[in-house]
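Structure first, commentary second.
The values are calculated or read from the model by the stated rules, or taken from the named source; none is laboratory data. Everything numeric in this text was worked out from a predicted model, so none of it was measured. We place every Cβ from the backbone using ideal geometry, glycine too, and count neighbours over all the protein chains shown.
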Amino acid sequence: MKIGVISDLHIDRYNSETLKQKDFSLTLANEVSREALDILLIAGDISNDHVRSYRFMQELEQMTGVTIYFVPGNHDFWNFSGDAKSTREIYEFFKETKYFKEGSPIDLGNGWALVMNPAWYDYTYASDRFSLERLSEREYYGGTWQDKVKINWGMTDPEVSREMAERAEADLEAVRDKKIILMTHVATHKAFRVPMPNRLFDYYNAFIGTSDFDRFYEEYDIRYSIMGHIHFRHQVEENGTDYICACLGYKREWRTKDIVHEMRDALQVIEI
Ligand SMILES: [Fe+2]
């Protein structure tokens with residue numbers, strides 16, 4: 001079985017530029033077909049609008065016939081759709097789709113299972129020179145971490161992280177006898193934070209990842225840990241787990257200006 005992995009497509013970022021949403025769906029559809037993928041995993045941040053993110057998956061599925069699984073990223077919760085959905089309602093919206101099966105891990109056959117959970121940042125990836133209070137201000141060097149104004153969980157980020165981790169644990173427990181692919185949006189390994197000391201990221205690393213998943217790697221047979229969010233394309237192997245970040249990222253972060261080249265470079269393929 002061939003499984004493709006990609007994240008952080010941000011298809012709605014380029015309205016006034018030469019890059020159109022159609023370029024993303026067509027290019028990705030071509031890659032899915034070229035690689036003859038059975039399953040495509042999208043680790044969040046398709047767009048800033050849950051309806052658009054959902055329709056993108058529908059369109060891609062119709063074009064290719066590939067089975068898609070997804071976890072919402074922070075941007076997918078931003079709600080640029082114009083409807084009045086709260087963050088929690090968007091979460092429920094995604095859970096009702098066939099793409100985000102949190103609470104019902106997927107049996108992939110051959111002793112493999114897929115667990116999906118967005119995970120949330122808990123501030124533990126920041127430099128310890130900042131207090132929890134200072135980090136929870138989510139403002140630094142004149143910049144504001146935009147989730148602060150665009151997302152409202154009704155609780156603190158560390159609390160959201162713990163809540164997500166509890167749900168992930170229940171799903172992992174349900175497939176504890178299987179080889180597991182875990183897909184999150186935020187990072188679950190500190191190898192994926194921006195190297196410190198760093199003028200900005202000593203602070204902003206707070207919003208990159210979580211430590212609440214650490215113990216799961218000892219407890220469960222997680223062979224692949226898929227994530228997005230950080231806009232690096234990076235892979236780390238540790239104690240039998242492959243940690244994969246396959247972000248497409250923003251055009252300004254690309255090495256070339258060619259979406260085909262970048263999509264091909266970002267997309268990782270695993271075979272089980
Ligand atoms: Fe993100």
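General remarks:
- The residues on offer are Tyr69, Tyr14, Tyr54, and the sole one that is touching a residue at least 40 places away in the same chain (Cβ under 8 Å) and touching a Ser or Thr at 6+ places or on another chain (Cβ under 9 Å) is Tyr54.
- Flag: Glu17 does not match the condition of being modelled with pLDDT of 95 or more and away from the ligand (no atom under 14 Å from the Cβ).
- Filter pass, Asp12 being within 16 Å of the ligand (Cβ to nearest atom), acidic (Asp, Glu) and either in contact with an Asp or Glu (Cβ under 7 Å, 6 or more places away or on another chain) or in a helix (DSSP H, G or I) (or both): yes
- Cβ-Cβ under 9 Å pairs, at least 6 apart or on other chains, the range 153-169 side closer than 19 Å to Ile222 by Cα, far side among the aromatic types (Phe, Trp, Tyr) and part of a helix (DSSP H, G or I): Ala165/Phe216; Ala168/Phe216; Glu169/Phe216
- The residues in the range 76-106 that are touching a residue at least 40 places away in the same chain (Cβ under 8 Å) and in contact with a strand residue (DSSP E or B) (Cβ under 7 Å, 6 or more places away or on another chain) can be counted, and the count is 3.
- Any hit, the range 20-38, residues being within 23 Å of Ser104 (Cα to Cα), modelled with pLDDT of 95 or more and within 16 Å of the ligand (Cβ to nearest atom): no
- Restricting attention to the range 132-152, the residues being touching a helix residue (DSSP H, G or I) at 6+ places or on another chain (Cβ under 6 Å) and either without any contact (Cβ under 8 Å) to a residue 60 or more places away in the chain or over 18 Å from Glu92 (Cα atoms) (or both) number 4.
- Checklist (1) within 20 Å of the chain's Cα centre (by Cα); (2) under 28 Å from Arg233 (Cα atoms); (3) in a helix (DSSP H, G or I) applied to Leu135, failing item: (1)
- Strands (runs of 3 or more DSSP E) lying entirely in the range 155-250 (those with 1 or more residues that are surrounded by 14 or more Cβ atoms within 10 Å (Cβ to Cβ) and within 14 Å of the ligand (Cβ to nearest atom)): 179-183, 222-227, 241-246
- Test: residue in the range 41-51 that is within 26 Å of Leu108 (Cβ to Cβ) and either more than 19 Å from the chain's Cα centre (by Cα) or free of Cβ contacts under 8 Å to residues at least 12 places away in the same chain (or both): no
- The range 55-88, subset modelled with pLDDT under 95 and on the phi > 0 side of the Ramachandran plot, residue surrounded by the fewest Cβ atoms within 10 Å (Cβ to Cβ): Gly82
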